[in-house]
Each structure stands twice: as C-alpha cells, then as structure tokens.
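To start, the structure itself, in structure tokens.
The values are calculated or read from the model by the stated rules, or taken from the named source; none is laboratory data. No experiment lies behind these values; they were computed from the predicted model shown. In this analysis, Cβ positions are derived from the backbone assuming ideal geometry, glycine residues included, and neighbour counts consider all displayed protein chains. Surface areas here come from the heavy atoms of the whole protein model, side chains and all, with no ligands, DNA or RNA. Shrake-Rupley method; radii C 1.70, N 1.55, O 1.52, S 1.80 Å.
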Amino acid sequence: MIRLVPLHESLVNAVARFLAGQEESISSTLVVYPSRRLRVFLLDALGRCFSGAFFPPRLLTVDGFFKCLHARAVPGCEEASELEAALALDAALNNLFPAGTYGLAPGKDFLDRYPRLLQFMGVAEECLVEGASLGEIDRDVFSRYVELGEYHREYKDFLACLPRVIDGYAERLAHLNRASRGMMYSRVAAASDAGELRLPDGVERVVFMGLTALNRSEQRVLTRIFRDHPAELFMRTDAAALADPASPFALQKETVNLLGGGPDLFPGGEPEWNCFSGRVRLHPCGDGETMMAALHKELAAAVAACKTPADLLRIGVVIPDAGALVPFIQGVVSRFDMSAREVPFNITLGYPFARTPLFQLLDGMLNLARQREGDLFPAPLYLDLLRHPYVKLSGGGEEADTLLRLTLHRAESWIHRENRLRVSREEIELQAENSDAGGAAAREAVAAMHRRFLLSGTDDLDALCAGLEAGIRPLRDVPGYLFLKDTVDTALAALEELRGLIRDAGSGVLEGSLKARTQFIHNYLTHREIRFQGSPLKGIQVMGLLEFRGLSFDWVFVLDAVEGTLPRSRKQDPLLPRDVRAALGIRQHTDWEQLFAVDFFSLTAASQVDLFWSEDAGWAPAHRSRFIERMLLETEKQKGEPLPQVRFVPRFEPPRVKLSRMNKDETIHAKLSSMAFSPSVLETYLHCPLRFYFQRILGLDQRQRLEADPDAGELGGLLHQALFRLYGGEDPAIPDPGTIESRLQAILEEEYRRGGFDSDSGVGRMRLWMFQQRLADFVFGDVEQLRERGTRILGLEKEYCAEISVADLDHPVPLLGRCDRVEKEGNRVRVVDYKSGASFRAYTKEGIPGEAPELYNLPEEEYTGALESMAGNLKGFQLYTYMLMLHGRDGDPLDNLDAEYVFLRETEDKNRRAPVFKESLSPEERAEQIRRFRLHLDALLCDIFLRPDFIPIPDESNCKHCPFRTPCGNI
C-alpha cells in the first residue's frame, strides 16, 4: 500500500504511528530507509509511541537491504574490497584488450593502471546498481549503435565491449566468491525476476520510507515484494502536485504508479510546496566569511527562540558541499559558547581527507620519496616539508619543538643562501650541528625529523605504508589542532586497511614503479572521508542534503546555495555519454538533478527557511542556485509577497586590549647604542617599532622561497649592479651611447647568471629581454640629459656615514647609507635613488610640517596616530636622510642639495623621475624643508632611545605582508 505523507507533517512520526498501531509485534516488520540518520529518529519516535519496553522493528538502509537479500540468495559470498574489484576488472580488460584500450596503455603494471581502473570501475558499478539492461540488449546491435556515435576509434572499441567488460568483471569476482555493491543489486534484481527473492527469516512485512525515485534494480525488487508480501511505502510529498509535470514532485508519480497506487492518490487541488512567501528569506553575501557570520546571526536568533534543549532538534543546517564543514565550524560553531555545551551541534557530515593538512603532509612525504635521487632530495619539496606545521611540532615537547623550529629555520636560510636545488640529509644535519647555537642536540633534532618524515623503506608498498604510519602516529597526541586526532585516526585506519589488502593480494600482484606505488597510495587516501561521530538526538542537526532525506524541521538553514553545488550537477560523463546511457536504460545526470529538487523542496517545507550563498567564487562571480530561481518564479506566479533579501553587513568592533610590546632592557639599550642607522632601518621603525625590534634587534630573517626567477628584492639588486657597472663603477663616467645596448646586454646576462638564474630558457630569456629594454630606455634618456645639463657623476653605490647630535640624547647618533648615485649640476648636488618597484609621489602638497611631536612622551592612544601621521608627511624619507649625511660629511650647503627617485619600471619619461621637492621651491625653501625633516628625524631618534618599549602599529594593509605576524600576535 502507498501512504502519502503531506509536506507539513513528519514522515518519521507517520511511520512510527503506523507501526505502533499494528496488532502484531513490530519485531517481524522490516523498515527500509535511504539515510542512516533516519534510524535514530525513528527509534526515538517509536519510544514516544510505546508506553513501555518494546521489541523494535528490523532497520536497514537501502544498501543494507540489498546486501541482506544478497546474503540470502548467495550464501557465503563476501563483499569485495576496492582492491579486489580493481584486480578483477584489470583481468577482464586484459582478456578483452591484450593490446590496451581507451586510457590503458599496454605493458603497464597494475599500479600504473590503477587510477584509470577506478574510473572504469565506477562505470561498471553504476551500470550494475542502476540495473542496466546488459542481459536484454542484443550485443551486436549495441556495437553497431555505438559505431554510429561521434567518437574516436579507441573510445568506440571500448564502448562496444562495455557489456562484455562488465560481464567479465562480475565473473571474476564471482569466481573468488566475492561480490561488489553493483553485483549485489544485479543479483537480487535477477532473483526477484525469477521469483526466488527470499526475505530475511522472521520478516512478515516490509515498510519502505523516504524513497522517492527508484532505479531499475530497485523497481524490480520492490515490485516483486509488493506483489508477494505485505508491504507499505511511506512517501512524503505534495499529493496535489504529483500530477503536475512541471512540479518537482512529478518524479514521485512514476514510483506511485509502479507500486500500484490508484487515482485516489492524486486528488488535485492547490499545491502547498510552492507557497514560499512569509517562510523563505534569501541571504546573498559578499564572500564566504560574511556568509558564515550571517548564518551565525540568524542561527543565534533561532536558538534564542528555543525554550528547552529539546527544541534545538527542530533546527537543521544543510551543508551541500562537505568542503564547507571546517569553515562552518570555525565561522559559526566557534562563535557559540561551546565550553558549557549550551548550544550543542550534532555533526556527522563526512569531511574529505584530501582537504586536510595531514593529507598534504603525507603527500609531501610521498613526493619526496618519488623524486629522490640517491641521497639527494629536491630543495623546493624538502622546504615544503620543513614548513609544514606538523613537522615543526615533531620535536617531542615544548623545548624540543622550539629547538627543532629554530634549527629548521636555519636550515631553510642556508638552502636559500647557497641557492641549492638539491639537498641531502647528511649535509642538512651537518649544517645544524655547525650553525650558531647548534651542536649535537640540534643535529639529533633534525636527524630524528628526517628518520620520521623522509621515507627510507620504498622497496614495496607495505614498507611505504609502514613509514607513513610511523611518521604520523605520534601526531594523535598533539593538542590544540582542530580535529587532528580524528584526521590521524582516519589516515591510520586507511593505511592499516591498505596493508591488509596488500598482504591478501600476495607478492608479485601489486608491482609497479616507485612513482606508481606512491601514486597508488595517494589515490587510495584521496577518497577517504573523516567521519565525525555526533549525538543525533541532541542539538542542532548539521548534515548534507541527502542525509536530510525523510527528515523535517521547523527551521532550516541552507549554506552554499549556488549553482554547481546545489544541485551538484555534472552535465557530461566522459565514459558514459548520454546516448549510451539511454541505450543501457540507466538514469541520466539530469534525472539526479530532479531527485535533488524533490529532496530540496521537501526539506524547505519548514516553517522558516534561510538560504545563504556567497556571490564571490574566488575567481569568478557565483550564481545562486536554480532552486532559488524557481522559488522566485513560483512566488511571482502566485502574486505573493516578494521573498526578502537580507544582506548582512559585518560590524567589526575589536575589543580594546593592550597590544603586545617589548620592553627595552639593558641588553636592548646596549644594542641600540652600538648601531648605525641607515634610512631603511629608520623607515622600518617609523612604520612599526615592533617590526624594527624583530628585524633589527633580534636579527630575524624574512622567510624566503627558492624560485627559478628573481623576486622583487633580487631583481632590484641585479638592476642596481648592472647600472653601477654600466656607468663606470668606482670610476664613474657617462656611457658612450654607441655601446650602451651591447654592454647592457652582456652585463645583464652576466649578473643574471651570477644570481643563479637561467637566462637561456624561454621565460628567463623573455624576462631578461624586458629588463634590458626598460634599462636601455632609461639609460639613453639619462645620458642625453646628463650631457645637455653638463652634469658630473660624483659617485655610484657609494657608502656615506655621518654623526648627528640630538638635543635630548647624551651621545651622537651615527647614520650610515649607500647612495645609488650622487651627481653635481653646477652648484647643485643631487642624490639619485633607483627603485625597481611601483612609482609614487615623493612629496606632499603641504610639505613637511614645521613642528615635530615629542614622540617618546606621548601616551599610547596618541602615539600610534602621531607616528602614522609622521610617516605620511615624510614621503621622501630616504632621500632626506642622504642629503643630511652629505651635509654633515662634505659640508654641502643645504640650499645646494637636491634629490630624486628614478623608477626603472616606468616606460614614460614623465613618470620615471620623482623629485623630492616641488619644482616651484626656491633653494632657500628647499633648505627649510631639509631643516624641518631634521626636526622629525631627531624626534624619531629620541623615541628609539628614550621610549621604554617597542609598540606595534597594527594596520591590516601593512600587517598582512609582514613576515613577523606570528611572533607579533597583534593582528
């Protein structure tokens, strides 16, 4: 009998009431349902229906039901593992295609073929589960049909033999007394056709609940059960919409008709599924973080409306893409006070293992093993391993971890300094021992890390798996990382399972190159999921869309309601094209999208539905789901109230906390007293005193990456050196225009190679040519200007030093700097500074203020603003400092001094030079600007020596690029 449950009622409660009303014991009833979550909710509902103890019905998922029926039909047959199934399919393909076939080249070992075999196995399993008419079609007719398709020859040959491939695959598994999931469906369907279907012992009635659309295997089995046994199908639907072909619920009509539902089940009338006004709200969000913040706001309101903890069960959160689970936990769950368990979340959604940092670590270990050459490892891959946070936690305790991190940092600096492309364990360990503050302890720390994460046993699969297990097992006990224990347990279980399969397969079966072995393990781990065990009858329910089938809630919140995720559409199948699917009688991907629509609109029949999506997909705009478009259309057709669109505007009000700073003790004062201050050092302090402390007092290095091409800093140094040599070096002279191009090309190529970069490759050659053109344009114009004005070059890359006296300090302060170029034009001495980065204006319209604040006496709330204001006013800081040094050392009058930046990246002369003074200023006004700068410089130097601590200047635009964010901890 077919029993339709209205959308506004609970399917679980309807089935529970039916079972509780039966005169006979319900222990003889078998209940079959689509998702595991339904089991717990049904048992809970039955407990409320019965006043005392009761014997529950037998409960099976659809897959479990077919597995149970298969065990009755084929006693003793066990379920095949993925590896056993792949081996059987490989044997079937080798038998049919000894010379190879589509995507499987001949002569390859099994492990090399494994990734492609998984794809073919997916095709075979889908055909078997879906009940493809493999035994009914004429094989010759099918081959001629495929021959008419617009496919290339190798693909046609594979498709034409597809039924025979599946037959061979199933025969080989049957010979081993094994069966895949697809074989179980196919065998049970065949048994039902033959009238040989046997229900489990003691089962007198079968109740199906939550099934919407059936594949051909399910249709054959359910038809036989409804014909031969007492059976019920409970279907949650909109009965008035079943007969409407435009309704998403029209898909259920086929199932109702198949199982004997009569016309009385289609009453007509007004449907209820499309009444969205007053129930549905739309939440477009600018990005993923905003989406999570908006969800938290609405979820908090729903929680506040719950009067008892049990009311939380009425709230459901749908996460269509499991990849959003961790962002959901970080952006939503963590915002609630979880310490008191006031707002529990029941999360049983599986998270892809391939998206975890642990998978990245395992993959890095496999990559290093694969690309190892003797004792040498590729430096970029080795550095990626060193930088992994789990590697840095492998010392074995807080002190040991600190020693290991410092030692690894020194190793990384050494690799960059030496520009190494390959490294060995021995030389890294030796460097650790010989480095400052190194020694035997540092060498042993690195050696232990090497023994743990550099795989040595790579001769066979089992040794590789054992090495991976040994590397990650200690991570189970590392505290402070989200789901790390669950992630490690998942990996260990997968590796142990794989080792068992390897042992069962026997020697000689899983042969292949080291690349194939590591790729095999990579593929095996890629498809794993981390299953979180929740408490289904407590708290807010968080699941994927399919897990929500058959359940109903008062409040429903749907994340990632964007096209491609909801529904997760797949328009083309490269192995089973649309016409071949039609010929085999299996469902198209569009049919699955219709099934998603039924599940979605059943779930969104709740009293309140909130749909959230991010309009930014990272690289392109995201489009809201077609289901939302359908809601808008139906609302418009019914002339209902428009669905409200709620845009969440985040308001960030960070708590007022005292920023971390570093007090200046005697050691720091001694360090400051011994320092000579360059313009770049002073500018570092001006923008953030705490960064000055990390970089100039502690001497911490910025992290570098080993790159094939020069980065911005290396490029600047390369261009500076090229200009130094072109203009005569220690004996400066204006270059001869006739030799500029040839000399410049030779100098650049030599400097490029000296830096360890390839100037002969395609990309390297193009970069070198571009640098040459930019420099040549500048030099030709510069030489012409120098000759026209009679300018002499006084020095190139010349170091200048001077001591200045500051009123509030009891000692002079040494200044030190290297000027790119100093030239003289008449009485005017000009400092030129080359810049390889983006251009900027070197002065403000108002000029430098005439008064400087006494920084070191300012309270913190005024200090940061004053320092930021000073940085904004002193645009040409470096050039002003150089002019003061020339004045102090050579005695050049202030009104004879001038300075400008030259931006080598610019292509137009008008943008290439940026003078530090406005052209309208007289020599006296220029001198006044330099005197004003001196006031600000004195104030800055007094702050460096007299302020009691280094205070940070948190600013997201600067801090996001700061290499010292972690030790700083202020943003």
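For Pro574, the conditions (1) farther than 30 Å from Phe276 by Cβ; (2) at pLDDT 85 or above are fulfilled apart from (2).
If you filter the stretch 825-872 down to residues that are among the basic types (Lys, Arg) and touching a helix residue (DSSP H, G or I) at 6+ places or on another chain (Cβ under 9 Å), you find that the one that is farthest from Arg691 (Cα to Cα) is Arg828. Phe771 meets all of the listed conditions (1) surrounded by fewer than 18 Cβ atoms within 10 Å (Cβ to Cβ); (2) within 19 Å of Ser742 (Cα to Cα); (3) of a type outside the set (D, E, K, R) but one, namely (1). Which of the residues belonging to the stretch 242-291 are acidic (Asp, Glu) and farther than 30 Å from Gln330 by Cα? Asp244, Glu254, Asp264, Glu270, Glu272, listed by residue number. Among the residues of the stretch 718-738, those identified as open to solvent by 10 Å² or more (accessible area, probe 1.4 Å) and either hydrophobic (A, V, I, L, M, F, W, C) or more than 15 Å from Glu751 (Cα to Cα) (or both) are Leu718, Leu719, Phe724, Gly728, Glu730, Asp731, Pro732, Ala733, Ile734, Asp736, Pro737, Gly738.
Of the residues Arg39, Arg48, the single one that is free of Cβ contacts under 8 Å to residues at least 60 places away in the same chain and under 37 Å from the mean Cα position of the chain (by Cα) is Arg39. Here Ala369 passes the criteria (1) under 21 Å from Ala442 (Cα atoms); (2) in a helix (DSSP H, G or I); (3) of a type in the set (A, V, I, L, M, F, W, C) except the one numbered (1).
Residues in the stretch 574-610 that are of a type outside the set (A, V, I, L, M) and farther than 25 Å from Glu547 by Cα: 6 in all. Just checking, how many residues over the stretch 145-156 are without any contact (Cβ under 8 Å) to a residue 60 or more places away in the chain and assigned to a helix (DSSP H, G or I)? Number satisfying all stated conditions: 5. If I filter the stretch 88-96 for residues that are in the same structural domain as Ala160 (by the TED database) and open to solvent by 60 Å² or more (accessible area, probe 1.4 Å), do I get at least one hit? Scanning the stretch 88-96 turns up at least one residue that is in the same structural domain as Ala160 (by the TED database) and open to solvent by 60 Å² or more (accessible area, probe 1.4 Å). The one condition from (1) within 21 Å of Ala606 (Cα to Cα); (2) modelled with pLDDT under 90; (3) acidic (Asp, Glu) that Glu24 does not meet is (1). Of the residues Cys68, Cys49, only one is under 21 Å from Arg187 (Cα atoms) and open to solvent by 20 Å² or more (accessible area, probe 1.4 Å); which? Cys68 is the lone residue from the list that is under 21 Å from Arg187 (Cα atoms) and open to solvent by 20 Å² or more (accessible area, probe 1.4 Å).
Elements of the type helices (runs of 4 or more DSSP H) sitting completely within the stretch 412-489 and holding at least 1 residues that are more than 21 Å from Leu368 (Cα to Cα) and over 30 Å from the mean Cα position of the chain (by Cα): these cover 425-434, 440-453. Any residue in the stretch 245-257 that is open to solvent by 30 Å² or more (accessible area, probe 1.4 Å) sitting within a Cβ distance under 8 Å of a residue that is of a type in the set (Val, Ile, Thr)? List the pairs, counting only those 6 or more apart or interchain. Qualifying pairs under 8 Å: Leu251/Thr212; Leu251/Val598. Restricting attention to the stretch 372-401, the residues that are within 24 Å of Phe359 (Cα to Cα) and in a helix (DSSP H, G or I) add up to 14. Cβ-Cβ distances below 6 Å connect the following pairs, each with a first residue in the stretch 305-322 that is in the same structural domain as Asp599 (by the TED database), a second residue that is open to solvent by less than 60 Å² (accessible area, probe 1.4 Å) and of a type in the set (Ser, Thr, Tyr), and a separation of six or more residues or different chains: Pro320/Thr565; Asp321/Thr565; Ala322/Tyr351. Return a yes/no flag: does the stretch 661-669 have any residue that is modelled with pLDDT of 90 or more, open to solvent by less than 20 Å² (accessible area, probe 1.4 Å) and outside any loop (DSSP other than H, G, I, E, B). Yes, because at least one residue in the stretch 661-669 is modelled with pLDDT of 90 or more, open to solvent by less than 20 Å² (accessible area, probe 1.4 Å) and outside any loop (DSSP other than H, G, I, E, B).
Considering (1) buried (at least 18 other Cβ atoms within 10 Å of the Cβ); (2) more than 33 Å from the chain's Cα centre (by Cα), the lone condition that Leu111 does not fulfil carries the number (2). So, of the residues in the stretch 817-864 that are aliphatic (A, V, I, L, M) and either under 20 Å from Glu924 (Cα atoms) or assigned to a loop (DSSP other than H, G, I, E, B) (or both), which turns out to be most open to solvent (accessible area, probe 1.4 Å)? So the residue we want is Ala838. Within the stretch 37-46, does at least one residue satisfy the condition of being surrounded by fewer than 19 Cβ atoms within 10 Å (Cβ to Cβ) and touching a Lys or Arg at 6+ places or on another chain (Cβ under 7 Å)? No, the conditions are met nowhere in the stretch 37-46.
Any residue that is modelled with pLDDT under 90, surrounded by fewer than 16 Cβ atoms within 10 Å (Cβ to Cβ) and among the aliphatic types (A, V, I, L, M) - is there at least one of those in the stretch 73-85? No, there is no match, as no residue in the stretch 73-85 is modelled with pLDDT under 90, surrounded by fewer than 16 Cβ atoms within 10 Å (Cβ to Cβ) and among the aliphatic types (A, V, I, L, M).
I need the full set of residues from the stretch 321-379 which are open to solvent by 60 Å² or more (accessible area, probe 1.4 Å), in contact with a strand residue (DSSP E or B) (Cβ under 6 Å, 6 or more places away or on another chain) and at pLDDT 90 or above, in order please. Hits for the stretch 321-379 are Gln371, Leu376. Scanning the stretch 881-921 for residues that are open to solvent by 10 Å² or more (accessible area, probe 1.4 Å) and of a type in the set (Ser, Thr, Tyr), we see that the one that is nearest to the chain's Cα centre (by Cα) is Thr907. Report yes if some residue within the stretch 363-376 is free of Cβ contacts under 8 Å to residues at least 12 places away in the same chain and in contact with a Pro (Cβ under 7 Å, 6 or more places away or on another chain); otherwise report no. Within the stretch 363-376, one or more residues are free of Cβ contacts under 8 Å to residues at least 12 places away in the same chain and in contact with a Pro (Cβ under 7 Å, 6 or more places away or on another chain). Residues in the stretch 523-543 that are assigned to a strand (DSSP E or B), within 13 Å of Phe553 (Cβ to Cβ) and either open to solvent by 60 Å² or more (accessible area, probe 1.4 Å) or among the small types (Gly, Ala, Ser) (or both): 0 in all. Condition first: closer than 19 Å to Ala852 by Cβ, assigned by the TED database to the domain that holds Pro814, touching a Cys at 6+ places or on another chain (Cβ under 8 Å) and not in a helix (DSSP H, G or I). Can you find one or more residues in the stretch 929-947 that meet it? Within the stretch 929-947, none of the residues are closer than 19 Å to Ala852 by Cβ, assigned by the TED database to the domain that holds Pro814, touching a Cys at 6+ places or on another chain (Cβ under 8 Å) and not in a helix (DSSP H, G or I).
Of the set (1) in a strand (DSSP E or B); (2) closer than 22 Å to Ser35 by Cβ, all apply to Trp613 but (2).
Checked against (1) of a type outside the set (A, V, I, L, M, F, W, C); (2) over 30 Å from Arg116 (Cα atoms); (3) under 26 Å from the mean Cα position of the chain (by Cα), Glu634 passes all but condition (3). Pairs meeting the criteria (first residue in the stretch 618-632 and assigned by the TED database to the domain that holds Cys285 and at pLDDT below 95, second residue in a helix (DSSP H, G or I) and buried (at least 19 other Cβ atoms within 10 Å of the Cβ), beta carbons under 6 Å, at least 6 apart or on different chains) are Phe627/Phe600.
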